[in-house]
Amino acid sequence: MTEERMTYLLDHKVQICTSIDGPQALHDKQRKLAGGSAHGVAAHWIARINHAYVERGLDPTLYHIEALLTTTRDTLAMPREVVDSYIALGCRALFLRPVDPFGFAARVGDRVEYPRDEYLTFYRSALDYMLALNRDGVEILERFAAIFLTKILTGTDPNYLDIRSPCGAGIGQVAYNYDGKIFTCDEGRILHEMGDDSFLIGDVETSKYRELMGHPTVRALTIASNLDGQPDCVNCAYQPYCGVCPVHSHRTQGSLFGRMRESALCAVFKGIQDYLFEKLAEGDLSTLRTFAKWTTVRERSHYLQAC
Amino acid sequence: MTLVQLTAQKTTFAADCRFRAIRDKMLVTSLDGRFALLTQDEFRAFRSGAVPPESELYQRLSAANLVRAVFDVKHAAALISERKSRSRTSASSSTSSSTRRDATRRSASRSSSRSSRTSAS
């Protein structure tokens with residue numbers, strides 16, 4: 001990032017987010033930057049861009065940099081530290097994503113992977129802490145929880161494309177690679193980088209929109225991610241709120257449909273929703289207020305652009 | 001608790017639904033995504049059809065569209081349609097790869113430009 005690039009992005013109303021893996025030592029261990037601290041550089045630009053939003057007259061509660069976390073084995077021991085590090089950076093949302101089987105994480109899986117029940121213990125600790133902070137007036141939300149709660153409590157869909165039935169592959173999103181190739185989604189693009197072209201659907205130079213949308217791969221993904229046709233999902237209590245990722249199933253189980261009872265992703269989604277319904281069943285008023293707040297959609301119209 | 005443990009199950013009372021144990025409660029979700037959290041006794045009454053129409057439990061169950069006799073098809077259809085409304089629009093979210101990695105390091109890292117993936121954002 002440079003001042004010039006930042007100005008260009010802000011002038012063109014591009015929403016910017018980044019990755020922060022938690023406290024500086026953990027982030028720098030996982031994201032090495034030659035000759036410096038990756039966390040330090042990211043923190044500098046987060047503060048700089050947030051300041052630029054204010055300079056442009058935008059409401060800082062709506063317009064600020066958000067970051068994504070990749071939860072690795074090292075992260076599991078520090079749920080509170082991770083939350084605190086995000087608050088220190090001025091973030092109001094935290095996305096406690098487990099490590100996925102794509103790209104870099106696939107290459108170093110033996111060092112960063114963990115059983116999903118350990119992830120869920122981490123998730124519960126982090127959420128308990130975030131709920132306590134909210135009780136004390138600190139505004140911080142967790143994105144998985146917000147996505148599921150919006151579906152559970154409001155009956156609407158926040159359109160998070162990875163947890164949707166059918167998923168967004170092709171019909172809700174496409175991913176453009178730097179070489180012009182077009183994929184059903186970013187996961188499909190990453191698999192291409194790993195030598196698997198299963199989700200390549202076209203090229204910016206030659207493909208027509210209709211060809212992309214009607215591509216056999218897009219159709220197959222739409223069918224495979226429809227929970228009404230998933231043997232395990234169809235009778236799951238969480239079916240109205242959940243979603244599957246066929247690319248994840250393809251990568252981990254060798255089948256677009258996958259087997260949800262053995263799926264790490266299913267274990268995570270079920271575990272998170274178990275936690276949320278436990279909290280709803282407890283009925284603590286402060287928790288319910290926080291949950292309601294997390295389902296509030298606050299429009300960021302500055303980013304909307306006419307095509 | 002499983003259905004096997006229910007001695008007297010009445011299949012004509014409950015609307016189509018799905019359920020899951022949540023600690024000492026039973027979560028029951030309707031086809032349209034409304035839900036009720038029931039105690040074990042309430043769940044047993046629900047599955048066995050022993051819920052008087054004037055009871056508070058009946059009101060809760062019917063409010064979640066879980067009672068076959070008062071199943072509101074139109075409302076359920078409207079709720080499901082609302083949940084699926086995003087699926088009716090075409091691709092509205094694009095992720096572009098802005099990584100600077102070269103071909104020799106192609107598989108080394110993920111895109112540096114992953115978006116929040118919500119086309120509403």
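Each reported figure results from applying straightforward, stated rules to the coordinates on display, with no laboratory input. This one's a predicted model, so the numbers in the text were calculated from it and none came from an experiment. Don't worry about glycine lacking a Cβ; one is built from the backbone with ideal geometry, like all the others, and counts go over all protein chains shown.
Taking label positions 7 Å along the Cα-Cβ direction at both A:Glu81 and A:Arg135, the computed distance is 2.5 nm, reported to one decimal. List the relative contact order of the range A:3-139 as a percent without decimals, with contacts defined as Cα pairs under 8 Å and 6+ residues apart. So the answer I get is 24 percent.
For chain A, relative contact order (Cα pairs under 8 Å, six or more residues apart, normalised by length) works out to 16 percent. Mean partner shielding of peptide A:157-169, defined as the number of other chain Cβ atoms within 10 Å of each residue Cβ, is 5. Within 10 Å of the Cβ of each residue in A:262-274, the mean number of Cβ atoms contributed by other protein chains is 1.
Using the 10 angstrom Cβ neighbour count as an exposure proxy, how do A:Glu262, A:Glu187 rank, fewest first? If I rank by nearby Cβ atoms, fewest first, I get A:Glu262, A:Glu187. Given R0 = 56 Å, the distance between the Cβ atoms of A:Thr2 and A:Val297 translates into a calculated FRET efficiency of 0.95.
Each label point was placed 7 Å from the Cα along the Cα-to-Cβ direction; for A:Val14 and B:Asp41 their separation is 6.2 nm. The calculated FRET efficiency for the pair A:Val108 and B:Ser55, based on their C-beta separation and a Förster distance of 51 Å, comes to about 0.35. Considering helices alone, the calculated mean residue ellipticity of chain A at 222 nm is -13500 deg cm²/dmol, with DSSP H runs of length four and up weighted by -39500 (n - 2.57) and normalised per residue. Residue order for A:Leu285, A:Leu96, fewest other beta carbons within 10 angstrom first, comes to A:Leu285, A:Leu96. Rounded, prolate or oblate: which one fits the range A:22-154, using the alpha carbon gyration tensor with axes a ≥ b ≥ c (rounded when a/c is under 1.5, else prolate when a/b beats b/c, else oblate)? Oblate shape, in that a/c is at least 1.5 and b/c is the bigger or equal ratio.
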